[in-house]
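**Student:** My structure is below; once you've seen it, I'll send some questions.
Each value in this text was obtained by applying a stated rule to the coordinates, not by laboratory testing. Bear in mind the structure is a predicted one, so any value in this text is a computation, not a measurement. Virtual Cβ from ideal backbone geometry, glycine too; neighbours counted across all protein chains shown.
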Number of protein chains: 2
Amino acid sequence: MHLSELQNSMRHLYMERDRERGRDATFRWFTEEVGELAKAMRTGDRANLQHEFGDVLAWLASLANLEGIDLEAAAARYAGTCPRCDQAPCGCPFP
Amino acid sequence: MHLSELQNSMRHLYMERDRERGRDATFRWFTEEVGELAKAMRTGDRANLQHEFGDVLAWLASLANLEGIDLEAAAARYAGTCPRCDQAPCGCPFP
């Protein structure tokens, strides 16, 4: 799935609701899912972990739709070399 | 960019460093980027906002790599109808 396909799908499914809820409440929902991801990392349930990664992605796409940000453009910096040191693999000082 | 391409790129660029840092520190970095996203939403700098969405995506992909989670599989639930109410657009009770 292209990032744009995910973003378009989320736009079709949820944009009207996201607009009604607003950017701040949508951000709050997004962070709620980040918390659920943390919990899934702790419990070790693999199916639930995949589920929560999906939810975080979905809510990030909803937020990007509300903010008018293109996730393809956003991710492009990471398509080749490290955007900081311009090497692949990254050669930045650790960590 | 496919989600899998982003995840593969992040694997090539950062997997060794991510492994050395470990899942918990990588989660901490991820949440640091979520905070920077919140700040970018507040300041209104569009270029910075796109930058931070990219960083959140990147660190989520790093985390998925460490956890052995396929982001394509994770996002698939949102490819068609709402995974909760099975409608498109979503017809779930608000919010």
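**Student:** Out of all the residues in segment A:1-24, which are part of a helix (DSSP H, G or I), more than 7 Å from chain B (Cβ to nearest Cβ) and either closer than 17 Å to B:ALA74 by Cβ or of a type outside the set (D, E, K, R) (or both)?
**Tutor:** A:SER4, A:GLU5, A:GLN7, A:ASN8, A:MET15, listed by residue number.
**Student:** Can you tell me which residue among B:ARG46, B:ARG21, B:ARG42, B:ARG84 is surrounded by 15 or more Cβ atoms within 10 Å (Cβ to Cβ), of a type in the set (Lys, Arg) and either under 22 Å from A:GLU67 (Cβ atoms) or without any contact (Cβ under 8 Å) to a residue 60 or more places away in the chain (or both)?
**Tutor:** Just a single option satisfies the conditions, and that option is B:ARG21.
**Student:** Which of the residues spanning segment B:48-95 are of a type in the set (Val, Ile, Thr) and facing chain A (nearest Cβ under 7 Å)?
**Tutor:** B:VAL56, B:ILE69 - these are the residues of segment B:48-95 that are of a type in the set (Val, Ile, Thr) and facing chain A (nearest Cβ under 7 Å).
**Student:** In this structure, is A:ASP70 more than 17 Å from B:PHE27 (Cα to Cα) and touching a residue at least 60 places away in the same chain (Cβ under 8 Å)?
**Tutor:** Against the criterion (more than 17 Å from B:PHE27 (Cα to Cα) and touching a residue at least 60 places away in the same chain (Cβ under 8 Å)), A:ASP70 qualifies.
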